[in-house]
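The values are calculated or read from the model by the stated rules, or taken from the named source; none is laboratory data. None of these values were measured; they are calculated from a predicted model. Here the Cβ positions follow ideal geometry from the backbone for every residue, glycine too, while neighbour counts run over all protein chains shown.
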Amino acid sequence: MKQSQQSNDPLAAPPGMISVTVDGRTVLVPRTMPDWQGRQVPTTMLQACELAGVTVPHYCYHPKLPVAGNCRMCLVEYGVPALGPDRKPMRQPDGSLVIKKSPRPAIACATPVSPGMEIYTSTPTVKLMRQSVLEFLLINHPLDCPICDQAGECKLQEYSVEYGRASSRFVETKVHKNKQVDLGPRIMLDQERCILCSRCIRFTRDVVGDDALGIVNRGSYSAIAAYPGTTFDNNYTLNTADICPVGALTSKDFRFQMRVWFLKETMSLCASCGTGCNIVIGSRENRIYRFTPRQNDAVNSCWMCDYGRLNYRWIERADRLTNPGGTKLTKPDWEDAINGIAAGLKQTIPGHIAIVASARLTNEELYLVRRLAQFLGAPTDCAPRSGPADNLLLCADRNPNTKGAQLLGIAASLPGANLPVFARLIRNGTIRSLLVFGEDVTRHGIAPEDLARLDFLVASDIHSNGTTMISHYFLPGCAHVEKRGSFTNVHGRIQKFEKAVDPPGLARPELYWLSELVCRVTGQSVGRTVESVFEAMRAEVPAFRNIAWADLEDHGVATSV
Amino acid sequence: MIAERPTLKLVDRLYLTAAWNGFKVTLRHFLGRKVTMQYPEQRWAVPPGYRGAPYLVRDQTGRTKCVACQLCEFICPPRAIRVTPPGPAVDPSTGNVEKRPRQFEINMLRCIYCGLCQEVCPEEAIFLMQDYSLTGCSREEMVYDMERLLALGGVHHDHVRKWDRVRREAAAQETFPPNPIY
């Protein structure tokens, strides 16, 4: 009895924890929690409410940005244990604490919790405060939701429905500002819609380190602007459109393209560099409309770079390979192509064949290539791809799965080191057969006239290229948005992605025809699903041994090596 | 349930009385007031509030009222409506409205004349009008495009003209201090 009373006492929390009461429900919260930079700082009321499962509406607060506390939407009432003359908490006759309710509300995003604190988020006062804050925010808001891209994912819409007044009392004329401000090459600003939460300013100043934006003018005329004469142009500008709670900042790429409620959301990864940012693909009727970042604190926090975000238009380019083909294939038929390739591979002699596989293929597909290479006795390599890196997310390695190719033994320790060797061996006639999966080797040091000497050349890619054009057999592949699988990022984190759209024509995921090919050539089947191939890979490759497909979940798992 | 089968008398079995009664009805209508309408030469007066085919309208200045918000496409139960949004290119002819559909199609074969598109439209741009008899020689022909829908819809006399009011308000604030327009 005494013990239970002890554990119920809000002041007797375990070390490192604080007991607070949110709307009558007592919860234990950590004394400190990571702030936007990951430093441990005292837990705020907003975080405590979130841990208690109570939503506190907010605009300016963002877990990955410094706290500004200017929108006042998260105002809550609270009380702390009253202290007696002996500076000890006073208690009721039944032993419970005497709570002294604060005479004023406080912003939940910037007020730290203290032991025994009580937070009230659903009192009439709090409701009225939220209503009033919304009323102020809506005073000069244009209410042009029908033409606003944010409609459907707009916090102002959502909170107005949930916490706002039913009707407007504002009879005066709204202040009108500039509706089409060209902030930079990828961002358009509508100053009227802005509620001045300053998230974009803090993001670009504190996260990116490019202090490009600010608020100019005063009062109702306050507006976001770039410094005169400059443009808002860094590699992370489009994140401001994501974090903008209203439709003030919009992506020029996505602007007026599709209403967000039509978009099917698919958990995926960005394949534009080795970082492997987690993304959500917004697609409708087999067309991709946008990539947006998905939170993964181990990889990309809440952000992604503009380069990766806008790198999707090539998927629907007209020169996609849509059917199997090649100089030795009479009709575009998968069965004929697989039979022809399998027959050709059975005639090759170990030592006279080489394989080049793309580091854009998934772990599972590269594993199948590995099976093939081991059976045929073929040396393998990947084509390296690099570009300038930055200090935030963009990685110099522009292949999404170089690490995976290395772990699977496909890539040389320095990816691409074998390619000149292959070129020399083709030229002197040692290598008579070459398999190229997902690359154009003519752009990586093997000349087309050398490829013409080969007895047997099989290529696959997403688009028609210099290698597929002269290959004996070519197979149409899929972009990563058109298939399932997993990538291993540069830090060795295995993450999976799902299929968003269907491949065009007869194009099939590499896994589909590689598993068929492996089965025909080696006589051993590893199954045709991503899961079965992953299982087989796990049994064989040490780096993947302790990881099951189901463990990958949404955020992936770091490999042991 | 077991139906009682009445035993018919001889008079009944001859059917002559029944036939005679039938002839009497025919004769009465033959001589009486004509009630059949000679459709399609003659057409009935469509009552107000009738839900016919949905068409797009322009306002009295000739502006296409639709702003491609796609709410009608979203609400349409048989998915008869397909709106193609304008895309990011700024269209100077739209003025301060910024948006106008690039294409707007209604498949009249799918439309069930429920009127939800009219109800949901925040711009009063689509109305169920009085046409109830739509014909065509092919399925493609029955997919009405924006041009056709606007031509059929005609002009809606809008008393509010909210975008125009916003434009005038904004223009009045170009001068400083802003002078109220009311």
- Item | Failed item, numbered, when A:Lys483 is tested on (1) closer than 25 Å to A:Gly276 by Cβ; (2) touching a strand residue (DSSP E or B) at 6+ places or on another chain (Cβ under 7 Å) | (2)
- Out of all the residues in the range A:300-319, is one or more crowded, with 21+ Cβ neighbours inside 10 Å and among the small types (Gly, Ala, Ser)? yes
- Task: Could you identify the single residue in B:Tyr113, B:Tyr132 that is in a loop (DSSP other than H, G, I, E, B), of a type in the set (Phe, Trp, Tyr), more than 14 Å from chain A (Cβ to nearest Cβ) and in contact with a strand residue (DSSP E or B) (Cβ under 9 Å, 6 or more places away or on another chain)?
- Result: B:Tyr113
- Task: Could you check B:Phe23 against (1) in a helix (DSSP H, G or I); (2) within 14 Å of chain A (Cβ to nearest Cβ) and say which number it fails?
- Result: (2)
- Message: Restricting to the range A:197-223, give me the number of residues that are crowded, with 18+ Cβ neighbours inside 10 Å and either closer than 21 Å to A:Leu394 by Cβ or under 27 Å from the mean Cα position of the chain (by Cα) (or both).
- Response: 12
- Query: Given the structure, is B:Thr64 of a type in the set (Ser, Thr, Tyr) and more than 11 Å from chain A (Cβ to nearest Cβ)?
  - Reply: yes
- Query: Based on what the data block shows, is B:Glu73 facing chain A (nearest Cβ under 9 Å) and either outside any loop (DSSP other than H, G, I, E, B) or loosely packed, with under 15 Cβ neighbours inside 10 Å (or both)?
  - Reply: yes
- For the range A:139-162, how many residues are farther than 25 Å from B:Gln173 by Cβ and assigned to a helix (DSSP H, G or I)? 6
- Message: For the range B:93-112, which positions are over 18 Å from B:Lys162 (Cα atoms) and surrounded by fewer than 16 Cβ atoms within 10 Å (Cβ to Cβ)?
- Response: B:Arg102, B:Gln103, B:Leu109, B:Arg110, B:Ile112
- Query: If you go through the range B:31-50 one residue at a time, do you hit one that is surrounded by 15 or more Cβ atoms within 10 Å (Cβ to Cβ) and either polar (S, T, N, Q) or assigned to a helix (DSSP H, G or I) (or both)?
  - Reply: no
- Condition met for A:Thr348 (β-branched (Val, Ile, Thr), modelled with pLDDT under 95, within 22 Å of A:Thr430 (Cβ to Cβ) and touching a Phe, Trp or Tyr at 6+ places or on another chain (Cβ under 9 Å)): yes
- Check the range A:169-179 and report whether any residue there is among the basic types (Lys, Arg), closer than 23 Å to B:Lys99 by Cα, touching a Lys or Arg at 6+ places or on another chain (Cβ under 9 Å) and modelled with pLDDT of 95 or more. no
- Query: Here are some conditions: (1) free of Cβ contacts under 8 Å to residues at least 60 places away in the same chain; (2) within 14 Å of chain B (Cβ to nearest Cβ). A:Val98 meets all but one. Which one does it not meet?
  - Reply: (2)
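Among the residues of the range A:163-206 satisfying the criterion of being of a type in the set (Lys, Arg) and assigned to a helix (DSSP H, G or I), which is nearest to the other protein chains (Cβ to nearest Cβ)?
Only one residue tops the list, namely A:Arg199.
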- Query: Counting residues that are touching a Lys or Arg at 6+ places or on another chain (Cβ under 8 Å) and among the small types (Gly, Ala, Ser), which helices (runs of 4 or more DSSP H) fully inside the range A:288-381 reach at least 1?
  - Reply: A:334-346
- Top-ranked residue of the range A:463-489 - restricted to ones that are among the β-branched types (Val, Ile, Thr) and under 23 Å from A:Asn339 (Cβ atoms), ranked as surrounded by the fewest Cβ atoms within 10 Å (Cβ to Cβ): A:Ile470
